[in-house]
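The values are calculated or read from the model by the stated rules, or taken from the named source; none is laboratory data. Given the structure is predicted, the values throughout are model-derived calculations rather than measurements. Virtual Cβ from ideal backbone geometry, glycine too; neighbours counted across all protein chains shown.
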Amino acid sequence: MVLDRTMPPAIHDAVEFEYKLPPVNEEKLDNGLPLYWVNAGVQDVAQIDWVFPAGLWYESRQSVAHATAGILKNGTSKHTAAEIHEALEFYGAQLKVGAGNDFATVTLYSLTKHLPSLLPMVLEILTEASFPEHEVELHKRNAVQRLLVNLRQCDFVANQRIDATLFGEGHPYGRFTRQENIEAITREDLLAHFKKYYDLSNVKMFMAGKVGKNEVKILNEIFGGITVSPKTFESTLFPVPPAADRIQRISNDANGVQGAIRIGRLFPNRHHPDYTPSVVLNTLFGGYFGSRLMSNIREDKGYTYGIHSSLAPEVHAGSLIIQTETGRDVAELAVKEIYKEMELLCNEPADDEELLLVKNYLLGGILGDLDGPFSILQRWRTLILHGFTEAQFNKNIQIYKTITPKEVQALAQKYLVAGDFYEIVVI
């Protein structure tokens, strides 16, 4: 059959495709440590994540979780920070460490063939990190300098204040760093946090790339021989006190020409049945470039270069936050337009064409993610860390495909109620 090149190919909406999350392999190392891995690469590269329950939720003193992650690879009982970094550069590898609200993650990016040389060094870091006093002091000085610079920025202050307003400053999700918190950190604080929460008994390992049984064997040879004894931590309950002021105006720079707007509320996390359909609502409202907020406040009014709403589903709670920066002279007008868009979504269902565009955007993003090993691993990692299986992925896809304008409107009436939001403008 001769292909008729005068006829363009048929265009299909993303909702018409089938979505299959490539399977993850689950292994137990010889000592029982869990390893989840995905062989989906064509290049000779690998990503390995070691995930620990070592985020802000677990710190005993403020700023300790971030400082521990920041200094973790800067020296062990056998090697200095310079020697570790030189070794990584020699093999063309990257080792990143970061702490979030709930988890801390150590990530290695490497050519697959170099894993036998690099993994012993990672093990040494995860078991013998020494937190040298001079590295602690250097981190503190740099952290204070960054903080003082950031505090001049209205968007940084607004981010601090909205979290503290929603959760309370005593809550791990609401804490924000002050200079005195950083200066109070000691080497002993970091060692205690490291020894308790970075214990390999608590780790979940994830691997993706051009990997297979041989790489699993290498990991097992290096990490499977460590003696581990699983630990459990008491689940601390942190109350979320209501903020005193629903509407706050903060002057950060008397001569500032820009205002940072944050409007937010508490929101269910991934385990609530409303969460996944609310991803569709949020995308329509302010979650992508074609959203209602962007169309109105950026394209029509010209108040900002960009405005977004986002869901932050943590392990123990969640939030919905709208954020933007505008000229100080139009900040209050932008706030009014945000509430106007909330009201419109509550009062009028979106039309089928607009909702189809949102569905195609969401599903198209997933389709792209399923084409790369690292993004596939990220989807599996999120599912596993939050206690889900592939069934949840399939359920999410079905909701994205079938949700109706009436269902989106009902969610808006439940969650986009102006009186439930806290409002902060920092200038």
Filter result for residue 76 (modelled with pLDDT of 95 or more, at negative phi and buried (at least 19 other Cβ atoms within 10 Å of the Cβ))
yes
Note on region 103-148: residues of a type outside the set (Ser, Thr, Tyr) and either at pLDDT below 95 or not in a helix (DSSP H, G or I) (or both) are 103, 104, 106, 108, 111, 129, 131, 132
Open item on the list: Is it the case, given these coordinates, that residue 333 is aliphatic (A, V, I, L, M), modelled with pLDDT of 95 or more, surrounded by fewer than 19 Cβ atoms within 10 Å (Cβ to Cβ) and under 30 Å from residue 256 (Cβ atoms)?
Closed with: yes
Picking from 84, 185, the residue that is among the hydrophobic types (A, V, I, L, M, F, W, C), assigned by TED's automatic domain parsing to the domain that holds residue 208 and touching a His at 6+ places or on another chain (Cβ under 9 Å) would be 185
When restricted to 177, 165, the only residue under 30 Å from residue 258 (Cβ atoms), hydroxyl-bearing (Ser, Thr, Tyr) and not in a loop (DSSP other than H, G, I, E, B) is 165
Reported set for region 389-417 where residues are out of contact with any Ser or Thr (no Cβ under 8 Å at 6 or more places or on another chain), of a type in the set (A, V, I, L, M, F, W, C) and either surrounded by 15 or more Cβ atoms within 10 Å (Cβ to Cβ) or outside any helix (DSSP H, G or I) (or both) is 393, 397, 403, 408, 410, 412, 416, 417
Residue 204 vs. criteria basic (Lys, Arg), surrounded by fewer than 18 Cβ atoms within 10 Å (Cβ to Cβ), closer than 30 Å to residue 111 by Cα and in the same structural domain as residue 120 (by TED's automatic domain parsing): no
Subset of region 256-308, residues more than 21 Å from the chain's Cα centre (by Cα) and part of a loop (DSSP other than H, G, I, E, B), comes to 256, 257, 290, 291, 301, 302, 303, 304, 305
With the first residue restricted to region 95-112 and required to be within 17 Å of residue 176 (Cβ to Cβ) and among the polar types (S, T, N, Q), and the second required to be part of a strand (DSSP E or B) and modelled with pLDDT of 95 or more, Cβ contacts under 9 Å at 6 or more apart or on different chains are 101/312
Filtering region 346-373 down to residues that are over 18 Å from residue 400 (Cα atoms) and modelled with pLDDT of 95 or more yields 346, 347, 348
Q. Hey, any hits in region 9-19 for a residue that's closer than 19 Å to residue 378 by Cβ and surrounded by fewer than 16 Cβ atoms within 10 Å (Cβ to Cβ)?
A. no
Quick count over region 329-386, residues being under 27 Å from the mean Cα position of the chain (by Cα), of a type outside the set (A, V, I, L, M, F, W, C) and part of a helix (DSSP H, G or I), is 15
Within region 197-207, of all residues that are within 23 Å of the chain's Cα centre (by Cα) and of a type outside the set (Phe, Trp, Tyr), the one nearest to residue 377 (Cα to Cα) is 207
Among (1) touching a residue at least 24 places away in the same chain (Cβ under 8 Å); (2) of a type in the set (Ser, Thr, Tyr); (3) over 30 Å from residue 293 (Cα atoms), residue 276 falls short only on (3)
